[in-house]
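All remarks here apply to the structure that follows.
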Amino acid sequence: MNNAKSVTDKEVQQLIAGKLSRYFGVTPKEASVDQVYKAVVMSVRDILLEKRQQFHKVTKSKKGKRVYYLCMEFLLGRSLKNNIYNLGLGEAYATALKNFGLTLEDLYEQEPDAGLGNGGLGRLAACFMDALATGNYPAMGYSIRYDYGLFKQKIVDGWQTELPDVWLPGGEVWLTQRSDKSCIVKFDGWVHEEWSENGLKVTYGGYKEVEAIAYDMMISGKDSDAVSVLRLWRARNISKFDMKLFSQGDYIRSMQAENEAEVISKVLYPADDHYEGKSLRLKQQYFLVSASLQNIINDHKHRYGPLSLLPQQAAIHINDTHPALAIPELMRLLMDENGFTWDDAWNIVTATFAYTNHTVMAEALETWQEDLIARRLPRIHMIIKEINRRFCNDLWERFPGQHKFIDGLSIISNGQIKMANLSVIGSHKVNGVSALHSDIIKNSIFNGFYQLWPDKFTNVTNGIAHRRWLCQSNPELCELLCDCIGDGFVKNAAELSKFKKFASDKSVLKRLAEIKQIKKQQFADYAFKKQGLVIDPSTCFDVQAKRMHEYKRQLLNVMNIVSLYSDLLDNPDAVVAPQTFIFGAKAASGYTMAKQIIKLICYLAEDIKKHPKIHEKLNVVYMEDYNVTMAEKLMPASEVSEQISLAGKEASGTGNMKFMINGALTIGTLDGANVEMSEAVGLDNIFIFGLRADEVEDVWNKGYNSSQHYNKNDRLRRVIEALIRGYNGESFANMANYLLTGTPVADPYMCMADFESYTATQKQVKALYANEKERWAKMSLQNIAASGIFSADRSIKEYAANIWNLKSL
Ligand code: 26W
């Protein structure tokens, strides 16, 4: 059955007409674009459901092991194009739609982004669902069906404001409600323990119940049999309202319980940089975890019987620590509801779970106040305490007297529950997301654990769904690749290396440059239509698109622009190659510093516009509301990819890979996956600058002093002075202070230290761009050819083999 090519355009037409008539009571002629969009989605959903059922049967008959991927975020973006592409139904649908006077593109534009994630972690989860399906692995993702995804960003006079992201009206058609999978999640209440001859009996009472309703979304693979399922939980109050209060006339209060329960799945937390110990966030995490594990256990029992077999049939992955409560929750379900002893339960748990760490930023590491967990999740609290008691007892025996060492590894310390420690202790494998990051966690945050269990730690470098990020978003480049190396790379990205042979083929290099030009023009048109921005597509597109964060150093990028601008103000007639700096980034809503950087960029952009002569050569563009759909248009249009985080801070980065596969040249530090990118493409084809991670450590330990750089670098002094004078009528002395005199440390991400090396490298990049077009195209080609290892297909193969022990069916 492999793909659905057997479906003809006639059949598609009938399918759509059928949906239109059944669900909207209209004929294709009468239908609105939105109705056709929904009818088309329903038809694709039917095809996927059918495929999923087939695959499900195969998995069951082969007793195939499944992977369950628990994640608070799935940043899916749009789905229609991806599914139609993967199913190979583009032509059939295009022909069918022609008869309705529509194109597929019309419909794609109709779909809202499913923005159920913040950034890298959530997008990675989405890319993995695609790769799992393509690799024929039985897989299920679990998350929350947030009513509102990541906020929509509106910039008002340079300041970011947030608007609710209402995605369900157009996104809900992808979801199939599974009433048969509903379950109850319990909060609050009390626990009573009693010893009897059968051991310890635990009673949990006085709790509040919330119903978890399952919504399934099917995610296709490319020409494969498997379909991944993403199961999203929605919270619903059980008793719709308190009839007594209602009949007493207290209408508002009767609704309160409903609100309390349903608020759990209302909105995605918009921070990916610091954790907040908020009760609602804790409830979200437990809600996801408890519903998912009940579901996994029920399905396992139903299919295979005894829970002792769980580790053979199921790998459960916790994506970062956010779903780490899954560990005590599985203990609870095994012991309290299925009669397992502690030891047997613990063996099952630790053989089933694996954990990926995605950040070493101290402020992002989750800890929960112990009394909050005790109040909201009393039984879970008990189990965590017991896990920790046993773990620490073992350590005392092995390392008598080593208080500090043991306290560092303890799950509970100073009234705080450390979720990372719980995750490591409860998992059989722990991985980082790039070679450098996996080394760093072994040597820093998890060093103690690494000494205990060296074999537990491993690396899986991140990857991207290259079909989405190359084939679908850049069909022009895809066609060139097919002409040169055939279409094998679509399923096997390693074949992109064949493109290397064409590095000296002038006609191929010419086509490559032409394609970039086309994509730049398309992006310029899009930016104009969306935001009224005028971008000259003949200028060099230098792009930094990712979440706004100090460690990612958008500010360093700005400092270079400030410096260039100052030069041009001195000499407006200077002959320089024109360039456009493009930014796209959302800031967490409470992150003032990040919002101030956005404002600086916007004001700088406005100021430059006042000098038309300079503006022709130096343009700064802030793209509002950067999201997956915008990224799909931006990556193919980019020529320079900014990956300039302070070394040691960016766990991997995945945007870097999306730029690379579309032929942008990277200017970057040796951080995260940039390290492996530079190894893959060779140092001649990437622009590396700045302090290395070990040097950063060194400088930091000796005491970093940013004014030292200020004192010895004229250009840096000019930048600081320019910031103080300000732009567009406003001083940015706050930024100057941040860099020079901030507390507790000035310039905590060392923009000043890397400024010289960054600006020198920028100069080199732009000179090459201006003067050596052919060499540029050659380097671009080398990047595309070397990008194959950054496919999520490869990452998933490694997870399957080294972590999940999972077979492709
Ligand atoms: C609790 C608040 C919170 C929320 C999200 C803390 C931390 C996170 C994420 C772990 C942040 C994140 O998205 N990390 C990114 O993960 C990507 C996928 O592995 C990496 O490529 C990025 O380098 C990393 O920053």
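Between Thr161 and Lys609, 0.36 nm times their residue separation minus their Cα-Cα distance comes to what?
Details: separation 448, 0.36 × 448 = 161.28 nm, distance 2.33 nm.
Residue separation times 0.36 nm, minus the Cα-Cα distance, leaves 158.9 nm.
If you scale each eigenvalue of the Cα gyration tensor by 5 and take the root, what three semi-axes come out for segment 144-268, rounded to whole angstrom and sorted largest first?
34, 26, 16
Within a 10 angstrom radius of the beta carbon, how do Phe583, Phe187 rank from fewest other beta carbons to most?
Working: Phe583 25, Phe187 21.
By the 10 Å Cβ count, ascending: Phe187, Phe583.
Output wanted: per-residue J couplings in Hz (rounded whole) for segment 313-330, from phi through Karplus 6.51 cos²θ - 1.76 cosθ + 1.60, θ = phi - 60°, x for Gly and Pro.
9, 9, 10, 10, 10, 9, 8, 6, 7, 4, x, 5, 5, 4, 5, x, 5, 5
Ordered by packing density, taken as the mean number of other Cβ atoms within 10 Å over each peptide's residues, highest first, how do 245-255, 76-86, 387-397, 469-479 rank?
76-86, 469-479, 387-397, 245-255
Rounded to the nearest whole Å³, what is the per residue volume of the convex hull around the Cα atoms of segment 306-446?
Working: hull volume 16.2 nm³, N = 141.
Given the Cα convex hull of segment 306-446, per-residue volume reads 115 Å³.
So what J values fall out for segment 638-654 if you push phi through Karplus, 6.51 cos²θ - 1.76 cosθ + 1.60 with θ = phi - 60°, rounded to Hz, Gly and Pro as x?
Once θ is set to phi - 60°, the couplings for segment 638-654 become 7, 10, 10, 10, 8, 10, 10, 4, 5, 3, x, 9, 8, 4, 9, x, 10 Hz.
Treating the Cα atoms of segment 1-88 as identical point scatterers in vacuum, please give the log10 of the normalised Debye intensity I(q)/I(0) at q = 0.12, 0.14, 0.26 Å⁻¹, two decimals.
-0.50, -0.66, -1.28
Please list the non-local residues whose amide H lies under 5 Å from the amide H of Val267, H modeled 1.01 Å from N, same-chain partners needing a gap of 5 or more.
Under 5 Å from the amide H of Val267 lie the amide H atoms of Asp147, Tyr148, each far enough along the sequence or on another chain.
On the principal axes of its Cα set, how long, how wide and how thick is segment 648-703? Give whole Å, largest value first.
Here the Cα extents, ordered largest to smallest, are 40, 21, 14 Å.
Against the globular-protein guess of 2.2 N^0.38 Å, express the Cα radius of gyration of segment 724-807 as a ratio, rounded to two decimals.
The reported ratio for this selection is 1.85.
Over the Cα atoms of segment 492-580, how large are the radius of gyration and the largest Cα-Cα distance (Dmax), in Å?
Cα-based Rg and Dmax for segment 492-580 come out at 17.6, 52 Å.
Starting from the Cα of Lys530, step 7 Å along the direction of its Cβ; do the same at Phe246; then give the gap between the two resulting points in nm.
4.5 nm
Taking the simple approach of a point 7 Å from Cα along Cα-to-Cβ for both Ser504 and Gln521, what is their distance in nm?
Those two pseudo-labels are separated by 3.2 nm.
Full-extension gain between Phe24 and Glu363, please, as 0.36 nm times their residue separation minus the C-alpha to C-alpha distance.
Gain in length upon complete extension: 117.1 nm.
At each listed q (0.21, 0.24 Å⁻¹), what is the log10 of I(q)/I(0) that the Debye formula gives for segment 546-631 modelled as equal alpha-carbon point scatterers?
Debye curve over Cα of segment 546-631, log10 I(q)/I(0) at q = 0.21, 0.24 Å⁻¹: -0.98, -1.17.
What order do you get for 676-684, 594-602, 752-760 when each peptide is scored by the mean count of other beta carbon atoms within 10 Å, highest first? Spell out each step's value before the answer.
Values: 676-684: 16.8, 594-602: 22.9, 752-760: 19.8.
Highest to lowest by the protection proxy: 594-602, 752-760, 676-684.
Below 14 angstrom from the Cβ of Arg718, what's the summed charge of the other residues (Lys, Arg +1; Asp, Glu -1)?
Details: positive: Lys712, Arg715, Arg717, Arg725; negative: Asp567, Asp570, Asp714, Glu721, Glu756.
Here the charged neighbours net out to -1.
Take the Cα pairs of the chain, get the Kirkwood Rh, then feed it into Stokes-Einstein at 4 °C and 1.567 mPa s and tell me D in µm²/s.
Values: Rh = 28.1 Å.
In µm²/s, the coefficient is 46.
What residues have an amide H closer than 5 Å to that of Tyr204, excluding those fewer than 5 places away on the same chain, when H is modeled at 1.01 Å from N in the peptide plane?
Sorted by chain and number, the residues that satisfy this are His192.
Efficiency by 1/(1 + (r/R0)^6): what FRET value for Asn805 and Leu280, r their Cβ-Cβ distance, R0 = 35 Å, to the nearest 0.05?
0.45
Place +1 on the Cβ of every Lys and Arg and -1 on the Cβ of every Asp and Glu in segment 276-411, take the dipole about the Cα centre, and give the residue among Gln402, Gln285, Phe353 whose Cα lies farthest towards its positive end.
The residue sitting farthest along the positive end of the dipole is Gln285.
Working only with C-alpha atoms, what are the Rg and Dmax values of segment 248-352, expressed in angstrom?
Radius of gyration, then largest Cα-Cα span, for segment 248-352: 17.3, 56 Å.
Measure off 7 Å from each Cα along the Cα-to-Cβ vector at Ser308 and Phe399, then give the distance between these two points in nanometres to one decimal.
Simple spin-label model gives 3.5 nm for this pair.
Glu616 to Arg725: FRET efficiency via 1/(1 + (r/R0)^6), r the Cβ-Cβ distance, R0 35 Å, to the nearest 0.05?
After rounding, the FRET efficiency stands at 0.95.
I need the peptides 61-69, 764-772 ranked by packing, meaning the mean over residues of other C-beta atoms within 10 angstrom, with the highest value on top.
61-69, 764-772
Could you work out how much longer the chain between Lys301 and Arg390 gets when fully extended? Use 0.36 nm per residue separation minus the Cα distance between them, nm to one decimal.
29.1 nm
In segment 104-263, with Lys and Arg counted as +1 and Asp and Glu as -1 at Cβ, which of these residues, Phe246, Met217, Thr176, has the Cα nearest the positive end of the dipole, that is, farthest along it?
Looking along the dipole axis, the top candidate is Phe246.
Compute the distance from the alpha-carbon center of segment 388-417 to that of segment 728-759, in whole Å.
So the separation of the two Cα centres works out to 41 Å.
Return the long-range amide H neighbours of Arg178 (sequence gap of 5 or more, or a different chain), with a cut-off of under 5 Å between placed amide H atoms.
Ala214, Tyr215, Asp216
How large is Rg/Rh for segment 394-512, to two decimals, with Cα atoms and a Kirkwood Rh?
In segment 394-512, Rg relative to Rh is 1.29.
In what sequence do Phe689, Phe128 fall when counting other Cβ within 10 Å, fewest first?
Numbers: Phe689 19, Phe128 30.
Taking fewest neighbouring Cβ atoms as first place, the list is Phe689, Phe128.
Could you put Ser423, Ser179, Ser444, Ser563 in order, starting from the residue whose Cβ has the fewest other Cβ atoms within 10 Å? Kindly include the intermediate steps, with their values, before the conclusion.
Working: Ser423 26, Ser179 7, Ser444 12, Ser563 19.
Result, fewest neighbours first: Ser179, Ser444, Ser563, Ser423.
Readers should treat all values here as calculations from the given coordinates under stated rules, not as data from a laboratory. Computed from a prediction, not measured in an experiment: that's the story for all the values here. Don't worry about glycine lacking a Cβ; one is built from the backbone with ideal geometry, like all the others, and counts go over all protein chains shown.
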